[in-house]
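For reference, the structure discussed in these notes is given below.
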Amino acid sequence: MDLTLKNVTKNFGGLRAVGDVSFTVPDRSIYGLIGPNGAGKTTVFNLVTGVYKHDEGSIHLGKTDLRPLKPAEIARAGIARTFQNIRLFGQLTVIENLLVACEIDKKASLLSSVLRTKVHYEDESSMRDRALELLGVFDLAHTAEEPSTSLSYGNQRRLEIARAMMLKPKVLLLDEPAAGMNYGEAEGLKKQIRWLRDTFDLTVVLVEHNMQVVMGVCEEIHVLDHGETIAHGTPDQIRNDPAVLAAYLGEEADGTATLASDADAKAPSAKGDEASAKEPGAKGDEASTKGDEASAKGDEASAKGDEASAKDAKGDERGGKAGEGSS
């Protein structure tokens with residue numbers, strides 16, 4: 001179902017964090033929400049999930065008005081999210097971090113859990129099976145019993161996405177999921193996002209600064225700056241939009257610059273590898289060889305100097321003996 005924001009505004013005292021923002025995320029689409037730091041992207045996520053309540057406008061999931069709902073009720077309605085800063089339970093294992101997200105889907109009552117009835121064990125078994133399935137999807141099954149803090153930064157990001165998927169959402173909000181990932185990990189994330197959308201019939205909304213991911217996976221992109229909409233369109237349209245370039249580069253674009261694409265992301269690494277393979281390293285090796293030769297010649301000269309000193313000492317000794325003979 002569609003997620004629709006219409007004329008949404010949020011003020012914090014005298015600061016307008018989000019101003020008159022409107023867009024519709026189509027069902028089963030991958031939708032990008034981008035903008036410079038402080039543009040209001042995470043605030044929009046907080047408004048959609050009920051962390052904040054908007055001052056003006058409306059937010060609907062299908063026909064459901066989200067404003068009166070509490071965050072837990074919004075999660076039950078079908079919206080799940082990850083966070084810009086990783087929020088895992090460090091004292092729990094990897095699989096336990098997923099199981100905590102299953103409470104809204106449990107059939108067993110509190111009494112059934114206390115008495116350990118059949119319904120309780122059926123709940124536990126089905127939740128664990130689903131958790132292991134999702135860990136397998138994100139290549140984390142082998143870490144199931146390890147502490148969540150033992151995972152690398154990129155794997156902690158994947159674990160957060162897996163935890164959000166435990167809620168069986170209709171709309172998945174991903175807040176900078178590629179942060180801390182290298183090029184290969186980001187490429188893998190793009191494939192996982194597409195696979196999740198196609199396999200689970202999801203709508204995905206992506207906040208991300210990594211243009212390699214945004215331009216490579218999003219079908220539509222909405223751009224914010226200082227809490228207001230400055231552009232909306234396809235990746236190709238956004239990549240060349242003067243207002244977007246000005247927001248990111250801090251000046252009016254001259255029409256020659258574009259936001260990074262997949263090809264741009266690959267190029268720096270390739271050029272860096274080519275540069276490192278060229279002459280500087282060879283010249284450094286040549287200089288090192290010459291230095292070794294100079295050191296060897298120095299040692300040879302030092303040895304000759306020591307030999308000359310020995311000869312002088314012998315000469316002095318003979319001179320001394322000759323002096324004694326004449327006396």
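Computed from the C-beta positions of HIS209 and GLU103, the FRET efficiency with R₀ = 35 Å rounds to 0.60.
At a 10 angstrom cut-off on C-beta neighbours, averaged per residue, how do the peptides 3-16, 33-46 rank from highest to lowest? Please list the in-between numbers first.
Working: 3-16: 15.0, 33-46: 21.1.
Output ranking for 3-16, 33-46: 33-46, 3-16.
The Cα atoms of the range 126-199 give a gyration tensor whose axes a ≥ b ≥ c have a/c of 1.5 or more with a/b no greater than b/c, which makes the shape oblate. Using C-alpha pairs under 8 Å with a sequence gap of at least 6, the mean separation divided by the residue count of the range 107-236 gives a relative contact order of 16 percent.
Label-to-label distance for ALA141 and SER126 is 2.2 nm, based on points extended 7 Å past Cα in the beta-carbon direction.
Note on the range 41-186: with neighbouring protein chains present and a 1.4 Å probe, carbon and sulfur make up 52 percent of its accessible heavy-atom surface. Simple spin-label estimate for LEU249 and THR24 gives 3.4 nm between the two label positions (7 Å along the Cα-to-Cβ direction from each Cα).
May I ask you to compute the full-extension gain from ALA72 to ASN182, defined as 0.36 nm times their residue separation minus their alpha-carbon distance, rounded to one decimal in nm?
Numbers: separation 110, 0.36 × 110 = 39.60 nm, distance 3.38 nm.
Full-extension gain reported as 36.2 nm.
Contact order for the range 1-113, expressed relative to its length and based on alpha carbon pairs under 8 Å spaced 6+ residues apart, stands at 24 percent. In this rough spin-label picture, where each label sits 7 Å from Cα along the Cβ direction, the LEU15-LYS53 distance is 2.1 nm.
The values are calculated or read from the model by the stated rules, or taken from the named source; none is laboratory data. Computed from a predicted structure; not experimentally measured. In this analysis, Cβ positions are derived from the backbone assuming ideal geometry, glycine residues included, and neighbour counts consider all displayed protein chains. Each accessible area value is taken on the protein alone, full model and side chains, heavy atoms only, with ligands, DNA and RNA left out. Shrake-Rupley method; radii C 1.70, N 1.55, O 1.52, S 1.80 Å.
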